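Report on the following structure.
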Amino acid sequence: MSEILDAEVRERVFIVDDDASICDGLCNLLDAVGIDAESYTSAEAFCEGWRDGSAGCLLLDARLPGISGVEFQEQMQASGIHIPVIFMTAHGDMPMVRRVMKAGAVEFLIKPFQKEELLRAIEQAFAYDRARRKEDSIRNSIRARIDSLTDREREVMVMVTAGMLNKQIAANLNLSEITVKLHRRHVMDRMQASSLAELVKMCERFKAPARIHR
Amino acid sequence: MEYGIKPAAIAGCFVLVASLCTFPLQRVIAYPFVFLFYAAIVGSAWYGGAIAGIVAVALSSIVIAYFFVPPLFSISVAKESQSFFAAFVVCAIAISIVSSARKRAENVFRNARDQLEAKVQERTAELQRSNQEIKESERQLRMLTEAIPQQIWRADASGRIEYCNQHLRDYIGKSADSLQSEIFFSILHSEDAPLFRQGWEAALMVGGKFEAEARVQGADGLYRWFLIRSIPQRSDDGQIARWYGIHIDIEERHRAQQKLILAQDELTRLSRTLSIAETAASIAHELNQPMTAVVTHAYACREWLRGDPANLEKASATAEKIVQESTRASAVVKRVRALFRNEARVRESTDMNRLIQELSGLLRDEAIRRGVSIRLALARELPRLEMDTVQIQQVLLNLAMNSMDAMMQNLGPREITIRSEKLKESEILVTVADKGSGIAPDIVDRIFEPFFSTKTRGMGMGLAICRSIIESHDGRLWAVNSPDGGAIFQFTVRVSHE
């Protein structure tokens with residue numbers, strides 16, 4: 001699964017800073033160390049350029065004219081852009097750091113920052129993003145498998161994973177035990193689960209709220 | 001008195017009954033007729049009046065003479081019975097007169113009583129009607145006091161609440177009954193109560209109008225500011241009979257006032273600190289940007305050179321960038337130094353757009369902090385003009401800061417637009433427009449005068465200096481109010497033809 005992930009999307013750093021020379025410098029540095037980068041001088045330009053399915057992280061100036069970095073971060077989350085954010089600012093004031101870290105920023109860099117600091121932050125952000133995408137893709141494939149089940153099979157699956165015995169399920173759904181066994185085998189096949197434990201895990205995973213593993 | 005058939009008929013009936021009774025009784029008692037006929041006469045006179053009485057007397061006399069006085073069955077009266085008959089007639093006439101007179105007297109009495117009764121009824125009805133009217137008008141008055149969207153109360157002379165309208169009861173969340181006994185002060189904020197009590201007691205003594213602002217606790221436990229106004233009502237002897245009061249909710253007004261005071265404090269604080277700390281922060285930020293770019297490029301340059309083989313082309317391009325950014329940083333330093341040194345500077349050929357951009361960079365941090373956005377509308381191609389860049393930047397800074405100050409109280413958008421336009425080959429027009437409240441018409445002619453200021457801490461020199469700078473550049477500086485609100489400051493700069 002992860003092979004597909006890496007082959008299809010290239011990770012890149014999206015830079016948003018209203019100072020073009022900073023964008024230029026960052027692009028140059030990332031180019032030199034072999035990381036793809038795109039730069040935008042405003043939050044709107046970034047949103048317009050955003051394509052669903054893009055991977056990587058956002059390197060965001062905390063103080064943009066017109067919109068604060070934290071506001072923008074919230075706006076992104078609201079409009080479904082889930083990408084780890086690294087903040088940059090010239091003023092390392094603590095309240096702002098606390099606020100952006102609380103809002104889920106990966107790192108907070110104070111300009112001018114060292115190359116190692118930047119690369120470490122990017123690497124970390126990429127790792128979060130990979131974990132997120134992996135989680136997404138697993139959930140998507142589980143969802144696809146669940147979608148392939150018939151309604152009756154789904155009912156059986158819910159009861160099986162709730163720990164009910166075939167006999168109980170049969171009584172509950174007004175079916176014969178043999179039919180229940182048949183459905184159960186179908187469920188295991190279609191869900192590609194080799195054991196009941198695995199099936200339970202899949203269902204749990206699907207039900208759990210989306211989150212980035214940190 | 002009645003005439004006609006009716007008295008005669010009444011008399012006839014009575015006499016007939018008396019005769020019919022007398023016939024059988026005659027056999028039992030000797031001469032019983034006397035009593036029964038007397039009774040018939042009394043009855044006739046009573047029910048039929050004097051005429052009926054006379055008729056009854058006549059009829060009785062005839063009947064008695066005919067049937068009962070010998071000789072029987074003849075009108076004539078025997079000699080020995082004449083005295084008896086005469087006595088009967090006289091007595092009969094007498095009781096007829098007495099009975100009819102009694103009847104008349106009673107009639108008069110009854111009439112008088114009836115009239116009195118009618119009058120009493122009439123009076124009672126009248127009283128009821130007016131009572132109803134009073135009740136109706138009182139009901140309407142009460143409805144009015146209940147319906148008025150204000151809180152109203154009435155108190156007795158000593159200030160004890162007698163009545164509260166629905167709005168007041170709803171607001172404080174207490175029933176009318178529980179308020180009756182409650183002293184008014186208990187619903188006031190404990191901080192306002194002593195002052196309110198003082199004023200109230202003074203008003204009670206003087207007997208004049210009373211007005212105070214105080215926080216009143218609502219049903220939800222929260223306090224709101226109210227203007228409480230009360231006037232006394234005097235009785236005929238001049239004593240205060242009642243107090244009428246109204247509560248006007250001034251919470252919003254109070255809040256706005258508080259906000260205004262806070263905003264003014266903030267403004268004062270800002271203008272005091274901006275010159276030192278904020279300028280320093282602005283400069284630090286302005287300097288930090290090119291420094292960050294330099295550092296980043298330098299790291300990149302090292303990476304390009306570290307590669308195997310080293311990417312010399314990229315490294316060299318990056319080095320070029322480092323030079324550019326370093327120059328930009330040192331220009332900032334130079335400019336700042338020049339700003340503070342205030343030395344006489346030579347004029348140099350300058351791009352006005354660059355000056356405006358540099359200024360907006362310098363103001364960026366302050367603008368973000370104040371929630372102001374600075375919009376630049378720069379002409380594509382401007383002629384380069386000979387000017388003192390430091391001085392022109394001072395003018396731009398001054399105008400922009402004024403604009404920001406003017407919009408401090410804006411609730412709507414806070415936006416400054418700085419526009420550059422080419423007027424002629426050697427003349428540039430610069431506009432600084434804000435969305436503040438504009439310049440009051442009565443001071444629009446005075447704002448450029450030295451020592452004229454609308455700010456509490458202003459020296460009143462800013463615009464005067466600006467004007468002299470612009471005039472030394474062969475230009476003009478003026479101000480107008482924008483038709484859609486806000487002030488517009490414009491200046492021109494020209495190349496002098498010496």
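Some values worked out for this structure:
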item: Burial ordering of A:Glu107, B:Glu320, fewest other beta-carbon atoms within 10 Å first; result: B:Glu320, A:Glu107
item: 10 Å binning of all Cα-Cα separations within chain B, expressed as whole percents from 0 upward; result: 3, 11, 12, 8, 8, 8, 7, 7, 6, 4, 3, 3, 4, 5, 4, 3, 2, 1, 0
item: Under Karplus coefficients 6.51, -1.76 and 1.60, residue-wise ³J(HN,Hα) of region B:233-242 in Hz, glycine/proline x; result: 10, 9, 7, 4, 7, x, 7, 6, 9, 8
item: Simple spin-label estimate for B:Asp308 and B:Glu421 in nanometres, 7 Å along Cα-Cβ; result: 6.4 nm
item: Helix-only CD estimate at 222 nm, as mean residue ellipticity for chain B, using -39500 (n - 2.57) per DSSP H run (n ≥ 4); result: -19500 deg cm²/dmol
item: Prolate/oblate/rounded call for region B:346-391, Cα gyration tensor, a/c under 1.5 rounded; result: oblate
item: Shielding of A:13-22 by partner chains, average beta-carbon count, 10 Å; result: 3
item: Positive minus negative residues near A:Lys181 (Lys, Arg vs Asp, Glu; Cβ under 14 Å); result: +1
item: Projected-area mean, region A:139-207, by convex hull of Cα positions, square nanometres; result: 4.1 nm²
item: Förster radius 41 Å - calculated FRET efficiency between B:Ala219 and B:Gln140, Cβ distance, rounded to 0.05; result: 0.90
item: Ordering of B:348-358, B:133-143 by packing [mean C-beta count within 10 Å, highest first]; result: B:348-358, B:133-143
item: 14 Å Cα-Cα reach of A:Lys201 towards aspartates and glutamates, excluding residues that sit fewer than 8 places from it in its own chain; result: A:Glu135
item: Label-zone membership for region B:130-157, site B:Ala241, 7 angstrom Cα→C-beta point, backbone N under 14 Å; result: B:155-157
item: 10 Å Cβ neighbours from other chains, averaged over peptide B:303-316; result: 2
item: Whole-Å semi-axes of the ellipsoid equivalent to chain A (Cα gyration tensor, √5λ, descending); result: 47, 17, 14
item: Computed over chain B: relative contact order in percent, which uses C-alpha pairs under 8 Å that are six or more apart; result: 7 percent
item: Ordering of B:436-442, B:48-54 by packing [mean C-beta count within 10 Å, highest first]; result: B:48-54, B:436-442
item: Inter-site label distance for B:Val323 and B:Leu260 at 7 Å from Cα along Cβ, in nm; result: 6.0 nm
item: Axial C-alpha extent at least 20 Å, average Kyte-Doolittle at least 1.6 - helices from chain B (DSSP); result: B:33-63
item: Two-decimal Rg to Rh for the protein assembly as shown - Kirkwood Rh, Cα set; result: 1.47
item: Stretchable slack from B:Glu252 to B:Lys334, in nm (0.36 nm times residue separation minus alpha-carbon distance); result: 24.5 nm
item: Structure-based [θ]222 nm, chain A - -39500 (n - 2.57) summed over DSSP H runs of at least 4, per residue, nearest 500; result: -18500 deg cm²/dmol
item: Taking region B:1-115 and dividing mean pair separation by its residue count, relative contact order in percent (alpha carbons under 8 Å, at least six apart); result: 27 percent
item: Helix A:151-161 vs. chain A, principal-axis angle (Cα, 0 to 90°, nearest 10); result: 80 degrees
item: For B:354-365, mean number of other protein chain Cβ atoms within 10 Å; result: 1
item: Exposure proxy order (Cβ contacts within 10 Å, fewest to most) of B:Ile443, B:Ile64; result: B:Ile443, B:Ile64
item: Sum of side-chain charges, B:Val332 neighbourhood, beta-carbon under 12 Å (Lys, Arg +1; Asp, Glu -1); result: +1
item: DSSP-defined antiparallel bridges as percent of all bridges, the protein assembly as shown, nearest 5; result: 70 percent
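Values quoted throughout were computed directly from the atomic coordinates according to the rules given, and no laboratory measurement underlies them. Here the structure is a predicted model, which is why all the values come from computation and not from measurement. Reconstructed Cβ throughout: ideal geometry from the backbone, glycine too, with neighbour counts over all protein chains shown.
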